[in-house]
Amino acid sequence: MMENIQFFLSGVANYPFLQNALIAGILVGIVCGVVGCFIILRGMALMGDAISHAVLPGVVIAYMLGMSFFIGAVITGVLTALGIGYISQNSKVKDDSAIGILLSGMFAIGVILITAIGSIEVDIWHILFGNVLAVSQTDLWMTFGITVAVIAFILLFYKQLLVSTFDPTMARAIGVPTKLIHYVLMFILSLVTVASLNTVGIILVVAMLITPGSTAYLLTDRLPVMLVLSATFGVVSAIAGVFYSYLYDVATGASMVIVATVIFLLAFFFSPKQGLVVRWFRDRAAQQASQG
Amino acid sequence: MSYSVDINHLSVAYHGEWALKDISFQAPKQEIIGIIGPNGAGKSTLMKAIMGMVTANQGTIRVFDQPVENVRSDIAYVPQRNMIDFDFPILVEDVVVMGRYPHLKWWQRPSKQDREKAIESLRQVGMESFRKRQIGELSGGQQQRVFIARALAQEADLLFLDEPFAGIDLTSEQIIIDLLRDIRDQGKTLFIVHHDLSKVEEYFDRLMLLNQRLVGFGQLQDVFRANLISEAYNGQVATIKDSDHSDDVVVVK
C-alpha cells in the first residue's frame with residue numbers, strides 16, 4: 001500500500017495532467033457534494049439525472065457552432081427543466097414520467113448530433129464518461145469558477161434555500177420566491193454538470209450529486225453538518241478515485257463513483273443511528289432484555 | 001371598527017373551475033375562527049388567498065386594513081403535518097428560528113436575539129427541553145407545538161393553522177387548544193381549518209361554513225345549525241332530533 005501511495009505521489013509531482021485531474025476531482029467533489037444535499041432533500045434525484053443528460057445536445061451544438069460548452073449546456077439544461085415543469089403542470093402526465101420523456105429525448109438528440117457530424121474531435125465516450133487526462137488549464141479555471149460561484153450562492157441564500165426546501169408553503173407565505181429558487185437550482189445543476197464533464201462525465205455525474213449527500217444524510221441531523229460531510233465524502237471519493245484509476249489504469253470517473261458507493265454502503269450498514277448492523281444488534285439486545 | 005381579515009366578493013378559479021365563488025366576510029380580531037367544509041370546499045384555497053399565495057380572479061382582500069403584501073410578516077402559517085418531511089436534517093430549535101426569517105433582510109443571518117426569541121417561544125409551548133432534538137424524534141402533538149412556537153417567534157398577529165388536530169391524540173389536542181386560547185388572549189387572531197364537527201362548539205369563537213361559496217359565517221349559535229351544515233356538506237349529513245333538549249345533533253356521513 002505504502003509503495004502504491006509513493007508511486008501515486010511521485011506521479012502527482014511529475015505529471016501536470018495528474019495534478020490537474022486531482023484538482024478538478026476535488027473541486028467536483030466539493031460542488032457536487034454541496035448541491036447534492038439540496039437535490040436529495042427536495043426529492044429531485046431524478047431531476048438531477050435528467051438535467052445532466054439533457055446537457056449533451058447543448059454541448060454538441062456548442063461544439064458545432066464553435067461556442068463554449070458552457071453556454072450550450074446551460075441552455076439545454078434549463079430548457080429541459082422548464083419543459084418538465086410545463087408538461088407536468090399542463091397534462092395529467094406525472095412528474096417522473098415527464099422527466100423520463102425529456103431525459104431520453106434530449107439525450108437521443110445529442111447522440112444523433114454526434115453521430116451526424118462524425119467528428120473525431122468530439123469523442124462521445126469522453127463526454128459520457130469523462131476524460132480526466134484531458135483536463136486543460138482553462139477547464140480547471142472554469143470548474144473553479146463554477147464551484148466558487150455555486151458555493152457563494154448557497155451561503156448567501158442559505159436561509160431561503162432552507163425554508164423553501166423544508167416548508168415550501170411557509171416560504172411562499174413569507175414572500176420567498178420558491179419557483180425562482182427551483183429554476184436557479186436547475187440552472188446550477190446544468191453548471192455543475194459542465195464542471196464535471198471532464199472528470200466524471202454526463203452519465204455518472206448524478207452519482208457524485210446523490211451518493212455523498214445520501215451518506216451524509218445517514219450520519220447527521222443537521223443540514224450544515226450534512227453539507228460539510230457531503231463535500232468531504234465527495235473530495236475523498238475524488239482523491240481515492242484518481243488514485244485507483246492511476247494505479248490500475250482504469251476510468252477515473254467510474255473509480256470515483258465506486259469509492260463514493262463503498263462509503264455509502266459503509267454508512268448504510270454501520271452508521272450509529274440508522275445503520276442496519278447497529279439496528280440489528282440493538283433489536284437483538286432489546287429482545288434478550290425483554291426475555292429476561 | 002377595524003377587522004383582522006376583510007374580504008369582498010372574492011372569487012378564485014383553478015384550471016377554469018371555481019374554487020371559491022363570491023366570498024365576502026369581515027372577521028373581528030382576537031378570536032379563534034374555525035373554517036369548516038367538505039373536501040374540495042376551498043378551505044385551503046381561502047387560506048392561501050388571504051396569505052397572498054393564490055391570485056384572486058375577482059374581489060379584494062385586506063388584512064389589518066392593508067393589502068397582504070404590506071403585512072406578510074404579520075401572518076404566520078402552521079402547516080398540516082403531512083406536508084412536512086420529518087426526516088429532514090433539522091433540529092427543533094432551527095425550525096422555530098425560521099419564524100424570525102420574515103424580520104430579517106434577505107442577506108441577514110439569524111442573530112443571537114433571534115435565537116433567544118425562538119427559545120422563549122419554545123418555552124411558551126412547553127417544548128424548550130426538546131430544542132436540540134431532530135424534529136422527527138417528536139410525537140405528532142409535540143411537532144404541532146413546535147410549529148406553533150415558530151408562529152409565536154414570528155410575532156405574527158394573524159395565525160393560520162391547517163388541520164392542527166389531524167392525527168393527534170386527545171391529550172395533545174387538549175394541550176394544543178389550551179395553548180391556542182392563550183395565544184388568542186394575548187390579542188391574536190387565529191383561523192383554523194378543521195374537518196371534524198365533533199369539537200366545533202368547544203373550540204371556536206366563530207365559525208365559517210364553506211363550500212366554494214360562503215354558506216355561513218358568524219357566532220356559533222347562528223352558524224352551527226343543522227340546516228346550514230347540511231347545506232355546506234351537500235346534504236351528506238343525518239340530523240337526529242334530541243327530544244329532551246330539542247337540540248339538533250348532526251352526524252356527517
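Only the coordinates and a few stated rules stand behind these numbers; no lab work does. Quick caveat: nothing in here was measured; it's all calculated off a predicted structure. Heads up, the Cβs are rebuilt from the backbone with ideal geometry, glycines too, and the neighbour counts pull from every protein chain shown.
Hey, does the range B:125-133 have a residue that's away from chain A (no Cβ under 14 Å), outside any strand (DSSP E or B) and crowded, with 19+ Cβ neighbours inside 10 Å? Checking the range B:125-133: at least one residue is away from chain A (no Cβ under 14 Å), outside any strand (DSSP E or B) and crowded, with 19+ Cβ neighbours inside 10 Å. Within the range A:142-160, is there a residue that is basic (K, R) and surrounded by fewer than 17 Cβ atoms within 10 Å (Cβ to Cβ)? No: zero hits. Give the residue, chosen from A:I210, A:I188, that is under 27 Å from A:I84 (Cβ atoms) and touching a Gly at 6+ places or on another chain (Cβ under 7 Å). Testing whether each residue is under 27 Å from A:I84 (Cβ atoms) and touching a Gly at 6+ places or on another chain (Cβ under 7 Å) leaves just A:I210. Taken as a whole, the condition of being within 14 Å of chain A (Cβ to nearest Cβ) and out of contact with any Phe, Trp or Tyr (no Cβ under 7 Å at 6 or more places or on another chain) applies to B:V68. Restricting to the range B:78-101, and then to whatever is buried (at least 18 other Cβ atoms within 10 Å of the Cβ) and among the acidic types (D, E), can you tell me which residue is farthest from the other protein chains (Cβ to nearest Cβ)? In this case the residue turns out to be B:E93. Checked against (1) of a type in the set (D, E); (2) in contact with a helix residue (DSSP H, G or I) (Cβ under 7 Å, 6 or more places away or on another chain); (3) closer than 30 Å to A:S214 by Cα, B:E31 meets all criteria but (3). Within the range A:161-175, the set of residues being more than 7 Å from chain B (Cβ to nearest Cβ) and surrounded by fewer than 21 Cβ atoms within 10 Å (Cβ to Cβ) comprises A:P168 only. One residue stands out among those in the range A:211-264 that are away from chain B (no Cβ under 14 Å) and polar (S, T, N, Q): the one that is surrounded by the fewest Cβ atoms within 10 Å (Cβ to Cβ), which is A:T261. In summary, strands (runs of 3 or more DSSP E) completely within the range B:1-58 and bearing 2 or more residues that are closer than 18 Å to B:P164 by Cβ occur at B:32-36.
For the range B:35-56, a residue qualifies if it is of a type in the set (S, T, Y) and under 18 Å from A:V176 (Cβ atoms), and exactly one does: B:T55.
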